[in-house]
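Derivation of every value follows stated rules applied to the coordinates shown; laboratory data play no part. Note that the structure is predicted; figures quoted are calculated from it, not measured. All Cβ positions, glycine included, derive from the backbone under ideal geometry; neighbour counts span all protein chains shown.
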Amino acid sequence: MLLSESLHGGSNPSPTANKINNMTQQEPMGINIPLSKTLPVVCESCGNDTFKQVIYIRKVSKFLVGSPEDIIKPVPTFACDKCSYVNEDFKLTIDEQE
């Protein structure tokens, strides 16, 4: 069972997931930003400039969510398409106050 399926039909994304979701959203309507005004993101390990989406998998105790089973929470991020390295900005961070 996924966490989003168990928590009142909604999900509570982590800060990393929020950052990635914000980065993958399209530009707001009416704003055209030329690529020449943007900065490239490159792999911190090999310098490659293409990435693939990968997913961290976290297990949530059934006692925390009040379900009969432990729950799996997927957290999307990006890894280098060439060497599979995950840049520091894309790594999962654990915040005890979430």
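Data table
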quantity	calculated
Ranking of Leu64, Leu39 by count of other Cβ atoms within 10 Å, fewest first	Leu39, Leu64
Computed E for Lys59/Ser84 - FRET, C-beta separation, R0 22 angstrom, nearest 0.05	0.45
Pairs beyond 24 Å (Cα-Cα), from Lys37/Lys91; Lys52/Lys91; Lys59/Lys82	Lys37/Lys91; Lys59/Lys82
Cα→Cβ-extended label distance, 7 Å offset, between Asp95 and Ile31, nm	2.1 nm
Under the Karplus curve 6.51 cos²θ - 1.76 cosθ + 1.60, θ = phi - 60°, whole-Hz ³J(HN,Hα) for region 54-64, x wherever Gly or Pro sits	10, 10, 6, 10, 10, 9, 10, 4, 4, 6, 6
5 angstrom amide H check on Asp70, placed H, neighbours 5+ away	Lys62
Cut-off under 5 Å, modelled amide H: who pairs with Tyr56 long-range	Val75, Thr77
